[in-house]
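Participant: Before I ask anything, let me first share the structure, which is written out below as C-alpha cells.
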Amino acid sequence: AQTIHQWPVAEIKAVGSPLSLGCTIKGKSSPNLYWYWQATGGTLQQLFYSITVGQVESVVQLNLSASRPKDDQFILSTEKLLLSHSGFYLCAWSLGNEQYFGPGTRLTVL
Amino acid sequence: GEQVEQLPSILRVQEGSSASINCTYENSASNYFPWYKQEPGENPKLIIDIRSNMERKQTQGLIVLLDKKAKRFSLHITDTQPGDSAMYFCAASVDSNYQLIWGSGTKLIIKP
C-alpha cells in the first residue's frame, strides 16, 4: 500500500486563480512533512516543513502558504497564482533523516 | 554557508563502465548525505545515503565515499546499465535541522 498520496495528479490553472494541493500520509505516526518545488529540469527547492500538527515553518517565500490540519495531512495553497508557480510540487515525509517523496503534482499556470 | 555544489551537470558514459558524481558542501556540521535518483516525470527516490561516522558505503552496484576534511562526498555507479540513465541529486543535512540542502543535479546518460 502506498504510504504517501498527493492530489491532484496534475492541474492547469490561470494566473491569478487560487490553488490548493494536498498530501496524505498513511501508516506513519507523527511524521515530519515537507513541501518541495521543482522547475522542469531543475533542482529541488524545499518550501515548508512541519514537525507537528498545526506547526509549519517556511524555508523560502514563493507567495505560497502551507498548513497541517491533521497529523497525516499537509496542504499547500495560494490565493493568487503567478506564472512562476508552474512546476512539479512534491510532498515528502520522514521519521529520521531519510526523506521519502510522494508522486508529485504537476502544475501548469497559464 | 549552506550550499551544496554538484558536478558534473551532465555525464555521458559507455554502458558497462563506471560513472562518478561529486558533491561538496559548506556546512561542517553536516552529518547526513543522501543520494536520490529521479527518472523523467517521476519523483526522486532515495538510492543510498551515508552518515558522517562512515567513510564508505556500498550497496547493489553503488558506492558512496565521504571525505569530511575536504567536505566532499561522491557517488560511484559501477557497471552502468541503460536503466541507470536518470537525474541524480546529492543533498546534505544537519541532524538538528529539518532541511536538506540539495545539489543542482547530474543528468547521467548511458550510451549503448
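The values are calculated or read from the model by the stated rules, or taken from the named source; none is laboratory data. All values reported here derive from a predicted model rather than from experimental measurement. All Cβ positions, even for glycine, are placed from backbone atoms using ideal geometry, and neighbour counts span all protein chains on display. Surface areas here come from the heavy atoms of the whole protein model, side chains and all, with no ligands, DNA or RNA. Shrake-Rupley method; radii C 1.70, N 1.55, O 1.52, S 1.80 Å.
Participant: Run the numbers on chain B and let me know its relative contact order in percent, using alpha-carbon pairs under 8 Å that are six or more apart. Show your work: numbers first, answer last.
Facilitator: Working: 280 pairs, mean separation 42.0, N = 112.
Relative contact order, chain B: 37 percent.
Participant: Let me confirm one metric for peptide B:40-50, namely the mean number of other chain beta-carbon atoms within 10 Å of its residues' beta-carbons.
Facilitator: On the way: counts 1, 4, 4, 13, 9, 2, 5, 0, 0, 2, 0.
Mean shielding count: 4.
Participant: Please give me, ordered by residue number, the trypsin sites (Lys or Arg not before Pro) of the range A:54-110 that lie in loop per DSSP and have at most 14 other Cβ atoms within 10 Å.
Facilitator: Working: sites: A:K70, A:K80, A:R106; in loops: A:K80.
Those satisfying the criteria are A:K80.
Participant: Any idea how far the Cα center of the range A:1-55 sits from the one of the range B:23-68, in Å?
Facilitator: Between the Cα centres of the range A:1-55 and the range B:23-68 lies a distance of 23 Å.
Participant: Go through B:I77, B:I10, A:I75 and list them by solvent-accessible area, largest first, probe radius 1.4 Å.
Facilitator: Numbers: B:I77 5, B:I10 85, A:I75 30 Å².
Ranked list, largest accessible area first: B:I10, A:I75, B:I77.
Participant: Follow-up question, since we're still on this one. Give a residue-ordered list of calculated ³J(HN,Hα) values for the range A:22-38 (Karplus: 6.51 cos²θ - 1.76 cosθ + 1.60, θ = phi - 60°; whole Hz; x for Gly, Pro).
Facilitator: Each residue's phi maps through the Karplus curve to give x, 9, 10, 10, 10, x, 10, 8, 6, x, 6, 10, 9, 10, 10, 10, 9 Hz.
Participant: Return the long-range amide H neighbours of A:F48 (sequence gap of 5 or more, or a different chain), with a cut-off of under 5 Å between placed amide H atoms.
Facilitator: A:W35, A:V59
Participant: Can you list residues whose amide H is under 5 Å from B:V94's amide H, if they're 5+ apart or on another chain and H is modeled 1.01 Å from N?
Facilitator: B:N31, B:Q99
Participant: Which net charge results for the neighbourhood of B:S52, defined as the other residues with beta-carbon distances under 13 angstrom from its beta-carbon, given Lys and Arg at +1 and Asp and Glu at -1?
Facilitator: Numbers: positive: B:R51, B:R56, B:K57, B:K68, B:K69, B:K71, B:R72; negative: B:D49, B:E55, B:D67, B:D95.
With Lys, Arg at +1 and Asp, Glu at -1, the net is +3.
Participant: Whose amide H sits under 5 Å from the amide H of B:E15, counting only residues 5 or more places off or on another chain, with H placed in the peptide plane?
Facilitator: For B:E15, whose amide H was placed from the backbone, the distant partners under 5 Å are B:K111.
Participant: What is the distance, in nm, between label points placed 7 Å from the Cα along the Cα-to-Cβ direction at A:K13 and at B:I10?
Facilitator: Placing both labels 7 Å along Cα→Cβ, they lie 3.3 nm apart.
Participant: Could you work out Rg/(2.2 N^0.38 Å) for the protein assembly as shown, with Rg from alpha carbons only? List each step's numbers first, then the result.
Facilitator: Numbers: Rg = 17.7 Å, N = 222, 2.2 N^0.38 = 17.1 Å.
The protein assembly as shown yields a ratio of 1.03.
Participant: Give the Rg/Rh ratio for the range B:1-85, taking Rg as the radius of gyration of the Cα atoms and Rh as the Kirkwood radius, to two decimals.
Facilitator: Numbers: Rg = 13.2 Å, Rh = 13.7 Å.
Rounded to two decimals, Rg/Rh equals 0.96.
Participant: Which one of A:P31, A:S58, A:F88 is farthest out on the positive end of the charge dipole of chain A, using unit charges on Cβ (Lys, Arg +1; Asp, Glu -1) and the Cα centre as origin?
Facilitator: So the residue furthest toward the plus end is A:F88.
Participant: Please give the length that would be gained between A:E57 and A:Q45 if that part of the chain were fully extended, namely 0.36 nm times their separation in residues minus their C-alpha to C-alpha distance (nm, one decimal).
Facilitator: Gain on extension, A:E57 to A:Q45, equals 2.9 nm.
Participant: If you build a Gaussian network model of chain A, linking Cα atoms that sit under 10 Å apart, which residue out of A:L76, A:L95, A:L33 swings the most?
Facilitator: Of the options given, A:L95 has the highest mean-square fluctuation.
Participant: Report relative contact order for the range A:1-86 in percent, whole number only (criteria: Cα-Cα under 8 Å, sequence separation at least 6).
Facilitator: 32 percent
Participant: Tell me, what ³J(HN,Hα) does each residue in the range B:64-73 have, in order and in whole Hz, if you take phi through Karplus 6.51 cos²θ - 1.76 cosθ + 1.60 with θ = phi - 60° and put x for Gly and Pro?
Facilitator: Per residue, the Karplus-derived 3J(HN,Hα) values read 10, 10, 10, 10, 5, 4, 7, 6, 9, 9 Hz.
Participant: For chain A, take N as its residue count and report Rg(C-alpha) divided by 2.2 N^0.38 Å.
Facilitator: Details: Rg = 13.1 Å, N = 110, 2.2 N^0.38 = 13.1 Å.
After normalising by residue count via 2.2 N^0.38 Å, the value is 1.00.
Participant: Mind scanning A:K28/B:K45; B:K45/B:K68; A:K70/B:K37; B:K45/B:K111; A:K26/B:K111; A:K80/B:K37 and naming the pairs with a C-alpha gap bigger than 28 Å? Intermediate results must be reported in sequence, preceding the final value.
Facilitator: Numbers: A:K28/B:K45 18 Å; B:K45/B:K68 25 Å; A:K70/B:K37 30 Å; B:K45/B:K111 23 Å; A:K26/B:K111 40 Å; A:K80/B:K37 33 Å.
Check vs 28 Å cut-off fails for A:K70/B:K37; A:K26/B:K111; A:K80/B:K37.
Participant: Note down the nm distance, to one decimal, between modelled labels 7 Å out along Cα→Cβ at A:T108 and at A:L82.
Facilitator: 2.2 nm
Participant: Compute for the range A:46-110: radius of gyration divided by Kirkwood radius, i.e. Rg/Rh, restricted to C-alpha atoms, rounded to two decimals. Present the calculation step by step, with values, prior to reporting the outcome.
Facilitator: Working: Rg = 12.3 Å, Rh = 12.8 Å.
Here Rg/Rh amounts to 0.96.
Participant: Using each residue's phi in the range A:66-75, evaluate 6.51 cos²θ - 1.76 cosθ + 1.60 at θ = phi - 60° and report the 3J(HN,Hα) Karplus result to the nearest Hz, with x for Gly and Pro.
Facilitator: 9, 9, 10, x, 9, 4, 9, 9, 9, 10
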